[in-house]
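Have a look at the structure below, then the notes.
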Amino acid sequence: MESLIHKIEKYKNYDDSKIQSIISKVLYQNFFSGKFLTIKELAEECNVSESTITVYSKNLGYSGYRELLILLKMENNFYNKTFQSEIGPKSDKEKISNYREILNDFFNEQKNEDEKIIKLVANMKKANKIVINSSYQLDDIANYFKDLLSLKFDNVLKNELKLYAYKNAQNLTEKDLAIFFVSGQDNEMMQYIFAVTKKMTKNIFIFSSRSQMEKFDMQENVINLDIPKLGSDNTYRRIILDNYISIISLLL
């Protein structure tokens with residue numbers, strides 16, 4: 001599957017006078033410097049309207065600039081120096097070899113969660129409503145996941161992590177599905193929302209880092225975001241979660 005940054009690279013090599021080439025060049029340059037512009041900033045930088053940026057994003061196969069931006073950030077995490085420095089040895093051949101070993105371990109470990117993913121997708125198709133909750137560390141991916149599901153289902157909601165967020169959980173029924181994305185620290189609010197949600201429905205799935213798993217007493221529906229050999233680095237965690245989302249999208 002062709003990466004988004006490679007698609008953008010092709011677009012930037014088109015005729016310099018074409019708008020898609022101008023937008024692509026700005027995105028391409030900022031990608032490798034780790035800079036991600038809002039739709040307003042990008043429109044101003046390219047001297048085009050925000051609606052033009054939206055059309056550009058859709059031409060690349062995405063629902064809009066928001067989805068495109070989230071995917072760019074995820075790909076940037078994959079390619080960033082933190083990821084590469086953890087591969088290990090100095091020689092190029094050893095780096096490539098170790099990188100492949102890491103990916104193999106990653107995919108092999110994920111097989112342990114296949115049944116949970118299949119069950120989750122089946123429950124999505126039957127749910128009256130899908131409500132997504134996320135800790136701050138994974139909020140951008142959760143938003144992307146919400147947008148992705150909204151293309152398939154009519155009633156998908158994202159519960160913003162605010163003071164009275166638990167009140168939305170009180171409106172759930174047994175026919176609704178709740179999904180949690182949990183990692184990082186300071187997840188007391190997430191735990192409280194989970195406790196309220198559990199009173200309303202048992203149809204709950206949790207994507208969780210290893211350190212947070214024990215805080216949610218539904219282990220049969222907890223999906224692991226950490227692989228011991230890779231450690232608990234957030235860069236790897238995002239790659240793992242991105243792959244889960246890709247599998248879910250494949251099964252929908």
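The values are calculated or read from the model by the stated rules, or taken from the named source; none is laboratory data. Keep in mind the model is a prediction, meaning the values are calculated, not measured. Please note: Cβ atoms are built from the backbone with ideal geometry, for glycine as well, and neighbour counts cover all protein chains shown. Quick note on the areas: whole protein, heavy atoms, side chains included, nothing else; ligands and nucleic acids left out. Shrake-Rupley method; radii C 1.70, N 1.55, O 1.52, S 1.80 Å.
Under 23 Å from the Cα of residue 93, which lysines turn up, not counting those fewer than eight places away in the same chain?
Filter leaves 81, 229.
In the structure displayed, which of 7/73; 167/198; 7/95 lie more than 23 Å apart, Cα to Cα?
The answer is 7/95.
Counting only protein heavy atoms and using a 1.4 Å probe, what share of the accessible area of the chain belongs to carbon plus sulfur, as a whole percent?
49
Using just the helices of the chain, give the 222 nm mean residue ellipticity in deg cm²/dmol: DSSP H runs with n ≥ 4 each add -39,500 (n - 2.57), and the total is spread over all residues, rounded to 500.
Theoretical 222 nm ellipticity from helices: -17500 deg cm²/dmol.
List, in the order given, every pair from 111/152; 125/215; 25/146; 152/199; 12/58 whose Cα-Cα distance in the structure shown is over 20 Å.
Where the Cα-Cα span goes over 20 Å, the pairs concerned are 111/152; 125/215; 25/146; 152/199.
If packing is taken as the average number of other Cβ atoms within 10 Å across a peptide's residues, how do 242-252, 139-149 rank, most packed first?
Packing proxy ranking, top to bottom: 139-149, 242-252.
Starting from the Cα gyration tensor of region 99-244, take the square roots of the eigenvalues, sort them a ≥ b ≥ c, and report rounded, prolate or oblate (rounded when a/c is under 1.5, otherwise prolate if a/b is larger than b/c, else oblate).
It is prolate, given that a/c is not under 1.5 and a/b is the larger ratio.
Please report the relative contact order for the chain, taking Cα pairs under 8 Å with a sequence separation of at least 6, and give it as a percent rounded to a whole number.
Dividing the mean separation by the residue count of the chain yields 15 percent.
Please check: in the Gaussian network model of the chain (C-alpha springs, under 10 Å), which one of 123, 108, 221 has the largest mean-square fluctuation.
Highest fluctuation of the listed residues: 108.
Assuming 0.36 nm per residue, please report the length gained on full extension of the stretch residue 151 to residue 170 beyond their Cα-Cα distance.
4.3 nm
With the chain treated as a Gaussian network of Cα nodes joined by springs under 10 Å, which of 215, 40, 125 yields the largest mean-square fluctuation?
40
Give me the mean projected area, in nm² to one decimal, of the convex hull enclosing the Cα positions of the chain.
Averaged projected hull area, Cα only: 14.7 nm².
Determine the per residue accessible area of the chain with all protein chains present and a 1.4 angstrom probe, expressed in square angstrom.
Heavy-atom SASA per residue in the chain reads 53 Å².
Taking 8 Å as the Cα distance limit and 6 or more residues as the minimum spacing, I'd like the relative contact order of region 157-223 as a percentage.
Relative contact order of region 157-223: 35 percent.
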